[in-house]
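Values quoted throughout were computed directly from the atomic coordinates according to the rules given, and no laboratory measurement underlies them. Everything numeric in this text was worked out from a predicted model, so none of it was measured. When we count neighbours, we look across all protein chains shown, and the Cβ atoms used for this are built from the backbone with ideal geometry, even at glycine.
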Amino acid sequence: MKILVVGSLPPPERPRSLALRVEVAELLAGGHTVDVVSPDPVATAHRYLSVSGLPGCLQLWTMVAGFDSVVVQLQPGLPVRAKAGHLDRALSLMAFSLVLARGRHVVIRLESPDDLPGGAGGRAAGRLWRRAERIEVNDEDQRAAFMAEIGKKAERLNVVASCSKTADDEEGGWGYGPDASIEDVLALVRKRAARERRALASADTAHFAGWDRLAAPGLAMTEADAALLGAADGPRKSADLARRALAAADRRPSLWRLARVARLARRGIYAVLRPGKTG
């Protein structure tokens, strides 16, 4: 089937974008053709909405026709702006319900109640829910809350708990909070790199270009990192290892801020212990 997916994939990585990525991956694995439209200009997509809210709904009007199915991930700005008033919200929901009326086999996904400003209740939202062949929420607790907010009309809706698990759900995400150390983060990076390499090595499908240069199980750096940092011929000092770890972290978007904090802390310690020298 030819499927239109409306919503934001990573980046940035948020629970809703990670869940939508799982959905898109499953659709592609099933042999479907997927076209992604995003309201977020930095997200991965084939096409983008230039505006959000009511104008964005009108822009979608020209896109939904011709697809065998439409999958929508609700989020602030799609279809309701984050700070929309009552009238703006009602008009946006009404316009979006008319847009989805042009689609076939419509699936609406709601990862969190906060992703729909104003909540799931109300007459305007009711029109939106009735356009969906299936409504997917995150878990059974959210499903119960959704059904209670909609009221008796919810009996006519097909509301399911998808319970989709993303990669960051494993082992509690980063799991270390604000007290994470360089060692904690690198250990988690090693685990994820090893898991991804094992999955790629055992997959029956074609690998993407460069998959063989991913970090091998137990390594924190790729071959490119090692080549750039140089090989150590002699005994390694702890300071050298720390510099290499920080250099590798600097090139990773998720770690460079942490590396900067660690480097500043090290310089502060050196300033006390070794006056006149910097690390």
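Let me check I've understood the local charge: for LEU28, count other residues with C-beta under 12 angstrom from its C-beta, Lys and Arg +1, Asp and Glu -1. What total comes out? Mind showing how you got there, number by number?
On the way: positive: ARG21; negative: GLU23, GLU26, ASP35.
Local net charge: -2.
Would you please state which residues of segment 125-149 a label at ALA101 would reach in this model, taking the label point 7 Å out along Cα→Cβ and a backbone N cut-off of under 18 Å?
Within reach of a label on ALA101: 125-134.
Would you grab the residues whose amide H sits under 5 Å from the one on VAL71? Only those 5+ places off in sequence or on another chain, please, with H modelled 1.01 Å from N.
LEU4, VAL5, VAL6, VAL107
Ranked by Cβ crowding within 10 angstrom, fewest neighbours first, how are ASP141, ASP35 ordered?
Ascending Cβ contact count within 10 Å gives the list ASP141, ASP35.
Does segment 2-161 come out rounded, prolate or oblate by the C-alpha gyration tensor, with a ≥ b ≥ c the root eigenvalues, rounded set by a/c under 1.5 and, if not, prolate when a/b is larger than b/c and oblate if not?
Note, shape of segment 2-161 comes out rounded.
Suppose we take every Cα in segment 77-159 and form the convex hull; what volume per residue is that in Å³?
80
Just how far, in whole angstrom, is segment 76-100 from segment 1-28 if you go by their alpha carbon centroids?
That distance is 21 Å.
Taking neighbour Cβ counts within 10 Å as the exposure measure, how do SER112, SER69 sort from fewest upward? Please list the in-between numbers first.
On the way: SER112 15, SER69 18.
Fewest-to-most Cβ neighbours within 10 Å comes out as SER112, SER69.
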